[in-house]
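For reference, the structure is listed below as structure tokens.
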Amino acid sequence: MPDRGQGPSGPRVRVGRPSRRARTLLMTLGVLAVLAMAFVMFAGFWTDWLWYRSVEYSSVFTTTLWTKIGLFAVFGLLMGLAVGFNIWLAYRLRPPLSAMSLEQQSLDRYRMGLAPFKKWVLLAVTALVALIAGASASGQWRTWLMWVNGVKFGQKDPQFGLDVSFYAFDLPWYRFLLAFGFAAAILSLIAAALTHYLYGGLRITSPGARATAAATGHLSVLLGLFVALKAVAYWLDRYGLAVKSSDFKATGNWTGLRYVDANAYLPAKTILFCIAIICALLFFATLWRRTWQLPVIGFGLMVLSAILIGGLYPAIVQKFQVQPNEQAKEAQYIQKNIDATRKAYAIDGTKPENYSGKSTVKAKDKLRADADTAASYRVLDPNIVSPTFQQLEQKRKYYQFPTTLDVDRYNGKDTVVGLRELNIKGIPKRNWINDHFTYTHGYGAIMAAGTQTDANGSPVFTESGLPTTGSLGTYQQRIYYGEKTDQYSIVGGPQKELDYEENGEKTTSYKEKSGVSLSNTFNRAAYAVAFSEPQILYSGAIGEGSRILYNRTPKERVEAVAPWLTIDGDAYPAVVDGRIQWIVDAYTTTNGYPYASRTTLGDTTADSLTVGNQQRTVVAQQNQVNYIRNSVKATVDAYDGTVKLYEWDTQDPVLKTWMKAFPDTVQPKSAIKGDLLAHLRYPQDMFKVQRELLTRYHVTDPAQFYSGSDAWQVPDDPTNKDGNAVPPYYLSMKMPGDTAQRFSLTTTFTPNGRPNLGGFMAVDADATSKEYGRLRLLRVTEDVPGPAQVQSKLNGLPSVAQFVRDMKGADSDIQYGNLLTVPLDGGFLYVEPVYAQGRNALYPLLKKVAVSYVDADQPDGDTTKDTTVFEDNLTKALNAVFGVEAPTAPTTPPDTTQPPGTTQPPASNDAALQQAIADAQKAYDAGEAALQKGDWAAYGKAQEDLQAALQKAAEAGAKLKTPGSGG
């Protein structure tokens with residue numbers, strides 16, 4: 001037999017098909033590539049599931065996931081069936097092609113090309129539209145859950161008498177269904193028309209009939225469905241008028257019906273609904289009449305009616321009925337808007353109280369005494385002293401404090417609080433092990449009295465050091481979860497963590513069950529892919545017991561476990577039951593409250609502190625809402641990351657709806673323990689939204705509201721030049737009529753376009769108070785200087801000018817602190833701390849306190865009115881502004897008799913205290929001398945000596961208070 005491997009000229013060379021081994025290799029590589037891609041997509045899903053399970057909120061993950069899958073499947077299938085069925089039906093209704101026109105002959109090649117693949121083409125088109133529709137529908141999971149779990153508000157809108165829940169929960173879902181129906185009808189119509197054209201049912205250029213009877217009937221039915229959906233849209237538009245936004249010169253942003261809506265648009269929508277129903281029936285009638293004449297005429301009439309009845313007629317009503325007497329015509333609708341807006345933002349119980357601004361006390365000594373009890377004046381500004389905390393209590397470069405510190409209450413006193421969090425950029429040697437295994441947590445809560453500083457202007461710390469010591473006693477100081485902790489850490493494994501460095505390096509190993517275990521290879525591979533860190537898979541630093549911590553900021557964690565909440569821009573820490581807890585205020589919102597004006601959260605909550613400080617910015621910055629409640633208080637444990645959600649507003653129907661959708665995720669209000677309750681406070685962002693609305697909606701008379709004669713504005717912060725709104729301030733103070741100070745959140749108002757004081761508002765911010773959340777609004781009836789005017793007068797004082805020259809001569813920067821406003825005996829007391837920081841100094845110090853007592857003009861020329869002073873400390877400033885010394889508290893002679901079982905403090909402790917005080921005075925004097933000379937090195941050394949002396953004094957003082965303590 002001939003050799004098949006030989007040719008006439010020698011051996012053959014085989015080309016073309018690869019060998020079986022090569023085909024097997026290619027197939028294997030292809031399978032591996034597909035598996036790798038599938039694992040990459042799966043890794044994100046798997047790590048999310050592991051995280052939710054680790055925080056014990058897996059029900060949130062599964063509920064959200066199954067809802068999305070269900071919506072994707074149902075609406076994707078419906079869209080696919082609708083489009084696929086109409087393509088199939090158009091193909092079945094194709095005419096015979098025995099005598100093809102030139103037009104059809106040109107299409108024949110496309111038909112021939114599609115013939116072998118028509119089933120696959122049908123499936124591909126159907127699958128594509130199904131995927132797009134399903135993906136769009138899955139994004140409506142919130143709308144679906146709110147509709148299916150909606151709870152009644154128990155309040156009806158004034159136009160249609162429907163419960164507010166219809167607009168908040170039902171109408172959004174109906175609108176989605178309508179939009180889906182329109183999309184299905186349009187896509188089906190396009191797909192059917194193309195199929196009819198391709199197979200000869202429709203002809204564009206051929207002579208004779210343009211469409212077969214079958215094509216005419218099919219397309220008419222689809223057009224009839226479209227018009228029927230339009231009729232439904234007209235009907236829903238009637239209710240949509242109650243939540244429609246529009247511009248109205250009386251309010252700017254208007255929501256709800258106005259005169260033209262109720263008397264022109266509403267009847268127009270009803271008429272157009274009837275016309276659309278008739279038009280749809282005419283399209284359906286072509287199944288029997290086989291002509292387009294009547295449907296086309298009906299459709300034309302509907303379009304013409306929409307223009308004349310829906311557009312021209314309301315414009316005529318607005319022009320000739322409303323505008324000539326707009327105030328009278330719109331009065332009842334303005335009243336509905338006022339009532340609904342005040343209800344939706346929980347300001348309906350706030351009624352302005354007239355406050356003249358005229359002093360009701362003439363005696364200077366009485367004014368001076370009342371000033372001491374009117375408020376706990378916070379001269380330590382949390383917005384300025386962060387660098388001071390950083391310099392005095394940072395201890396190591398890998399720690400940091402937030403830019404803006406927080407204000408809380410400890411032992412009944414206003415306290416400035418900052419956590420010493422991890423600063424990943426300050427690690428001495430940056431590498432993967434140090435960044436994610438060695439340096440994993442911050443350490444300690446640093447606190448200072450809000451109402452005092454030491455003789456040098458530095459904070460008086462009530463909790464300081466590393467580890468911290470002071471008034472809190474023993475607590476878990478490690479901070480694994482914080483506002484600055486935005487990188488992942490791997491803890492609990494073979495690699496030890498740096499705990500802290502103080503007289504030697506201390507190490508630790510995380511023992512909590514927080515985070516996700518990396519003990520098995522599959523989890524490690526998933527995180528290596530999800531985090532794009534291949535080292536996670538093979539690093540020897542990961543082993544038995546290793547756990548990965550991520551999503552570590554309080555807002556991230558609360559947002560993840562409660563994606564239906566809007567989070568306040570400022571989470572704040574509190575030491576509760578021996579643990580540092582982050583407290584996060586969360587809101588339920590909707591934009592479907594009828595007649596209530598909308599506001600944009602990001603714009604409303606912006607002020608001079610939030611601009612450029614993302615740490616204090618509302619998450620959903622451009623969310624438009626017209627209903628908001630602080631319905632949930634959340635906590636995040638700074639050590640183990642445990643997230644707890646507590647029901648706060650027990651009457652909120654939006655929260656009740658979400659609690660039905662996600663059962664067992666929110667704990668009842670009764671679960672809040674007393675220690676935690678003592679640190680809860682009224683949230684800033686809620687207050688800022690309410691104050692913005694109250695600039696207009698403090699007026700409840702429609703005529704006055706329309707004229708805008710009593711409209712206010714939130715003044716710009718006079719302490720900076722950025723032109724941003726003044727932030728609200730937490731302050732313990734007394735409002736008129738109160739007998740004791742309340743922990744409050746306060747703000748001022750000025751009339752539109754004027755600098756004088758128009759109003760003052762405070763809310764009881766203490767969650768333990770029976771009147772928590774009570775807003776009190778003072779309307780200033782006389783001409784009283786506002787914050788900008790007070791600041792301007794302060795800047796013009798000769799003593800201020802001299803101070804500025806001295807500081808500038810010493811190359812120091814001046815920073816104005818929070819300008820606090822306090823009602824006092826009919827007038828207003830303004831208090832402002834002033835800080836100075838040398839060019840080479842690392843932190844600002846309190847140097848002066850400005851005080852101004854403003855009083856409306858009085859005919860008798862009372863000398864107490866509008867007095868502004870600039871002194872070294874608050875006591876001197878108050879003495880100067882009222883012209884009298886502070887009343888001296890009676891002294892009690894020392895008790896020489898001791899109860900049984902007690903001993904006198906040892907004299908050695910008293911001597912130590914006296915020596916520490918002397919050392920502090922010496923260091924202070926040295927610092928002042930260095931400051932005058934501009935010797936910043938000596939100044940820094942004096943500050944260190946002063947801090948050490950004050951620490952010794954505090955320790956000696958503590959021993960004096962402890963019976964039987966040794967020297």
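The values are calculated or read from the model by the stated rules, or taken from the named source; none is laboratory data. Everything quoted here is computed from the prediction, not taken from an experiment. Cβ sites come from the backbone with ideal geometry, for glycine too, and all protein chains shown count toward neighbours.
When 433, 424 are screened for being over 25 Å from residue 579 (Cβ atoms) and not assigned by TED's automatic domain parsing to the domain that holds residue 816, only 433 passes. Being crowded, with 24+ Cβ neighbours inside 10 Å, charged (D, E, K, R) and within 14 Å of the chain's Cα centre (by Cα) is the requirement here; does residue 568 meet it? Judged against the criteria, residue 568 is a match. Taking the criterion of being closer than 22 Å to residue 835 by Cβ, of a type outside the set (A, V, I, L, M, F, W, C), touching a strand residue (DSSP E or B) at 6+ places or on another chain (Cβ under 9 Å) and assigned to a strand (DSSP E or B), would at least one residue in region 384-400 satisfy it? Checked region 384-400: at least one residue is closer than 22 Å to residue 835 by Cβ, of a type outside the set (A, V, I, L, M, F, W, C), touching a strand residue (DSSP E or B) at 6+ places or on another chain (Cβ under 9 Å) and assigned to a strand (DSSP E or B).
Residue under question is residue 732, and the condition is that it be polar (S, T, N, Q), surrounded by fewer than 21 Cβ atoms within 10 Å (Cβ to Cβ) and more than 25 Å from the chain's Cα centre (by Cα); does it hold? Spelling it out, it is not the case that residue 732 is polar (S, T, N, Q), surrounded by fewer than 21 Cβ atoms within 10 Å (Cβ to Cβ) and more than 25 Å from the chain's Cα centre (by Cα). Among the residues making up region 691-708, those that are buried (at least 19 other Cβ atoms within 10 Å of the Cβ) and either over 25 Å from residue 789 (Cα atoms) or of a type in the set (A, V, I, L, M, F, W, C) (or both) are 693, 694, 697, 699, 702, 705, 706. Residues 228, 183, 276: which one is under 38 Å from the mean Cα position of the chain (by Cα) and either small (Gly, Ala, Ser) or over 28 Å from residue 85 (Cβ atoms) (or both)? After ruling out the rest, the residue left standing is 183. Just checking, how many residues over region 493-518 are surrounded by 17 or more Cβ atoms within 10 Å (Cβ to Cβ) and in contact with a Leu (Cβ under 7 Å, 6 or more places away or on another chain)? Matching residues across region 493-518 total 4. Might you check whether a residue that is at pLDDT below 90, out of contact with any strand residue (DSSP E or B) (no Cβ under 7 Å at 6 or more places or on another chain) and outside any strand (DSSP E or B) occurs anywhere in region 496-503? Checked region 496-503: at least one residue is at pLDDT below 90, out of contact with any strand residue (DSSP E or B) (no Cβ under 7 Å at 6 or more places or on another chain) and outside any strand (DSSP E or B). Only one entry of 418, 457 meets the criterion of being touching a strand residue (DSSP E or B) at 6+ places or on another chain (Cβ under 8 Å), among the small types (Gly, Ala, Ser) and closer than 24 Å to residue 488 by Cα, and that entry is 418.
Scanning region 472-490 for residues that are within 13 Å of residue 580 (Cα to Cα) and of a type in the set (S, T, N, Q) yields 474, 476, 477. Being more than 29 Å from residue 836 (Cα to Cα) and either in contact with a His (Cβ under 9 Å, 6 or more places away or on another chain) or surrounded by fewer than 21 Cβ atoms within 10 Å (Cβ to Cβ) (or both) is a property that holds for residue 521. Here's a check for you: in region 840-864, which residue that is assigned to a loop (DSSP other than H, G, I, E, B) and in contact with a Ser or Thr (Cβ under 7 Å, 6 or more places away or on another chain) is modelled with the lowest pLDDT? Selected residue: 864. When region 768-811 is limited to residues that are part of a helix (DSSP H, G or I) and polar (S, T, N, Q), the one that is farthest from residue 695 (Cα to Cα) turns out to be 802.
Results for (1) at pLDDT 95 or above; (2) assigned to a helix (DSSP H, G or I), shown as yes or no for each residue.
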| site | (1), (2) |
| --- | --- |
| 177 | yes, yes |
| 190 | no, yes |
| 197 | no, yes |
| 206 | no, no |
| 215 | no, yes |
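Scanning region 688-746 for residues that are in a strand (DSSP E or B) and aromatic (Phe, Trp, Tyr) yields a total of 4. Restricting region 575-589 to residues that are of a type in the set (A, V, I, L, M, F, W, C) and buried (at least 23 other Cβ atoms within 10 Å of the Cβ) leaves a set whose member that is nearest to residue 648 (Cα to Cα) is 586. Of the residues that sit in region 600-615 and are surrounded by fewer than 24 Cβ atoms within 10 Å (Cβ to Cβ) and out of contact with any Lys or Arg (no Cβ under 9 Å at 6 or more places or on another chain), which one is modelled with the highest pLDDT? Here the residue is 600. Reported count of residues in region 473-522, each being on the phi > 0 side of the Ramachandran plot and under 31 Å from the mean Cα position of the chain (by Cα), is 1. Of everything listed in (1) in contact with a helix residue (DSSP H, G or I) (Cβ under 9 Å, 6 or more places away or on another chain); (2) in a strand (DSSP E or B); (3) in contact (Cβ under 8 Å) with a residue 24 or more places away in the chain, the single unmet condition for residue 814 is (3). Restricting 725, 638, 661, 711 to those that are under 30 Å from residue 141 (Cα atoms), buried (at least 18 other Cβ atoms within 10 Å of the Cβ), in contact (Cβ under 8 Å) with a residue 24 or more places away in the chain and of a type outside the set (Lys, Arg) reduces the list to 661.
Restricting region 341-365 to residues that are at pLDDT 90 or above and in a helix (DSSP H, G or I) leaves a set whose member that is farthest from residue 778 (Cα to Cα) is 344. Residue 526 meets the stated requirement of being surrounded by 23 or more Cβ atoms within 10 Å (Cβ to Cβ) and in the same structural domain as residue 408 (by TED's automatic domain parsing).
Looking only at residues in region 656-668 that are of a type in the set (D, E, K, R) and more than 22 Å from the chain's Cα centre (by Cα), the one that is modelled with the highest pLDDT is 660. Residue 107 falls short on exactly one of the conditions (1) loosely packed, with under 15 Cβ neighbours inside 10 Å; (2) farther than 30 Å from residue 490 by Cα; (3) modelled with pLDDT under 80, and that condition is (1).
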